[in-house]
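The values are calculated or read from the model by the stated rules, or taken from the named source; none is laboratory data. Because the structure is predicted, anything quoted here is derived from the model rather than measured. Here the Cβ is made from the backbone with ideal geometry for all residues, glycine too, and neighbour counts use every protein chain on show.
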């Protein structure tokens with residue numbers, strides 16, 4: 001592969017990562033919406049915000065999804081933990097906006113919708129990881145370093161912009177993308 005061709009491939013791969021990143025934040029926004037709906041049902045039924053048994057079910061399901069899609073389970077567990085904590089904070093802080101419950105959905109139906117969204121998040125992370133591994137191969141072929149601080153900053157800036165676009169907590173989104181970047185760097189180092 002020529003240097004110019006590899007460079008173009010790297011640019012195309014980075015564009016694919018950008019698209020996946022937007023999709024990930026969009027799905028996080030969907031999850032946040034349904035989390036608010038769960039909060040509305042809990043508030044209406046006077047159910048506590050924190051349910052450690054349910055959280056464990058969500059974390060176990062996240063690990064199953066990680067296995068299914070071939071993604072590092074610790075990463076998926078960390079992302080899931082961040083999403084759970086965001087959901088709890090929003091449930092506690094936004095009780096005045098709790099009338100957003102999708103009509104005719106029970107608590108279990110809402111939770112099933114969140115479960116489906118969680119699967120989608122893990123699938124998108126798996127796709128992103130695959131593209132990042134391909135980028136690592138191109139970098140290796142070109143003799144480029146694993147770490148590209150300017151590119152990492154661009155990813156983080158984009159994460160913040162996408163969070164604003166989808167009205168999602170930017171600190172949460174940036175924390176998730178920091179985890180994704182660090183995982184990709186570790187995998188790139190190990191593959192060299």
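For this structure, a couple of remarks:
- The number of residues in segment 163-192 that are under 22 Å from residue 84 (Cβ atoms) and not in a helix (DSSP H, G or I) comes to 3.
- Taking segment 116-136 as the range and being surrounded by 18 or more Cβ atoms within 10 Å (Cβ to Cβ), more than 11 Å from residue 76 (Cβ to Cβ) and without any contact (Cβ under 8 Å) to a residue 60 or more places away in the chain as the test, only 136 passes.
Quick grid of which residues meet (1) surrounded by 13 or more Cβ atoms within 10 Å (Cβ to Cβ); (2) more than 27 Å from residue 157 (Cβ to Cβ):
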residue	(1), (2)
11	no, no
16	yes, no
20	yes, no
27	yes, no
32	yes, no
44	no, yes
48	no, yes
64	yes, yes
74	no, no
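- The residues on offer are 183, 110, and the sole one that is surrounded by 18 or more Cβ atoms within 10 Å (Cβ to Cβ) and more than 22 Å from residue 16 (Cβ to Cβ) is 110.
- Residue 150 vs. criteria modelled with pLDDT under 90 and over 24 Å from residue 33 (Cβ atoms): no
- Once segment 145-174 is narrowed to residues that are more than 17 Å from residue 17 (Cα to Cα) and touching a residue at least 40 places away in the same chain (Cβ under 8 Å), the residue that is surrounded by the most Cβ atoms within 10 Å (Cβ to Cβ) is 168.
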